[in-house]
Amino acid sequence: NTVEGLDPNIIHINGYVYAIVYVGFGGDGYVTTVEIMDDGMITDLVIDTIMFCDTEAGTQIAEPRIIKIGINTYAIIFRNPDDDGEIRSIKIMDDGTFNNPSKFDGAYSDKFTFDQYDAWRPGVGMNHISSDIYACVYRGRDGKGTLLTLRMTAAGDIDDNIIDKFYFEPLICF
């Protein structure tokens, strides 16, 4: 993005293909795929770009992070414009192209707002636990250190309920 590009995060897709998730123009959430050769040379060409989160004018997402959850399936966890914690699944093909349905608020497969109060830095600690169970740590409501678990399938389906939630730091967590 030659205009804006905040909070970037990169992940390897396949071969020379990498995906970069970031806050782009208008505060919207974008994913761009590029090539990086084994010798470190970057081809300087964008393979493909999608807007996974289309925000309303004057608002923006923050702190997006991307993880792999299945074959060609990735989850993006971020703070939405209401400061809620949100996760969306997307499909990235091995060649760096996207295969996601366009919806009124972005191109993605599924979404879930996992914390409707506050979720600061939600992608810092997103980890696979077992099978389709994932854990996420973040600074939650009133600054509390929050750990939660949720279910996402390898196909990108996200359960609309959290499994469990625990405040590991009940006072303030930065």
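Tell me the residue from Y134, Y138 that is over 18 Å from T55 (Cα atoms) and at pLDDT below 95, please.
Y138
Looking at E35, E4, E56, can you tell me which residue is charged (D, E, K, R), in a loop (DSSP other than H, G, I, E, B) and in contact (Cβ under 8 Å) with a residue 24 or more places away in the chain?
Every option except E56 fails the conditions.
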* **Given (1) outside any strand (DSSP E or B); (2) in contact with a Pro (Cβ under 9 Å, 6 or more places away or on another chain), number of the condition G26 does not satisfy** => (2)
* What are the residues in the stretch 99-151 that are touching a residue at least 40 places away in the same chain (Cβ under 8 Å), in a strand (DSSP E or B) and open to solvent by less than 30 Å² (accessible area, probe 1.4 Å), if any? -> G106, A107, F112, F114, P122, G123, M126, Y134, C136, Y138, L150
* **I20 vs. criteria farther than 22 Å from D115 by Cα and either in contact (Cβ under 8 Å) with a residue 60 or more places away in the chain or out of contact with any Pro (no Cβ under 8 Å at 6 or more places or on another chain) (or both)** => no
* Tally the residues that are part of a strand (DSSP E or B), out of contact with any Cys (no Cβ under 9 Å at 6 or more places or on another chain) and of a type in the set (D, E, K, R), restricting the search to the stretch 68-98. => 3
* Is at least one residue of the stretch 87-96 open to solvent by 80 Å² or more (accessible area, probe 1.4 Å), of a type outside the set (D, E, K, R) and on the phi > 0 side of the Ramachandran plot? -> no
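Scan the stretch 69-79 and give yes if some residue there is at pLDDT below 90 and under 24 Å from I129 (Cβ atoms), otherwise no.
Yes, the stretch 69-79 contains a residue that is at pLDDT below 90 and under 24 Å from I129 (Cβ atoms).
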* Among the candidates S131, S109, residue that is more than 12 Å from the chain's Cα centre (by Cα) and within 23 Å of I10 (Cα to Cα) -> S109
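Is it the case that D164 is under 17 Å from the mean Cα position of the chain (by Cα), over 18 Å from R65 (Cα atoms) and assigned to a strand (DSSP E or B)?
Taking the combined requirement at face value, the residue does not satisfy it.
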* Of the numbered conditions (1) open to solvent by 30 Å² or more (accessible area, probe 1.4 Å); (2) at pLDDT 90 or above; (3) not in a strand (DSSP E or B), R65 satisfies every one except a single condition; which is it? -> (3)
* Structure fact -> Of those in the stretch 68-86 that are farther than 18 Å from Y18 by Cβ and touching a strand residue (DSSP E or B) at 6+ places or on another chain (Cβ under 8 Å), the residue most open to solvent (accessible area, probe 1.4 Å) is D83
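The values are calculated or read from the model by the stated rules, or taken from the named source; none is laboratory data. This structure is a prediction, so every number in the text was calculated from the model and none was measured. Heads up, the Cβs are rebuilt from the backbone with ideal geometry, glycines too, and the neighbour counts pull from every protein chain shown. Remember, those area values only see protein heavy atoms, side chains included, never the ligands or the DNA or RNA. Shrake-Rupley method; radii C 1.70, N 1.55, O 1.52, S 1.80 Å.
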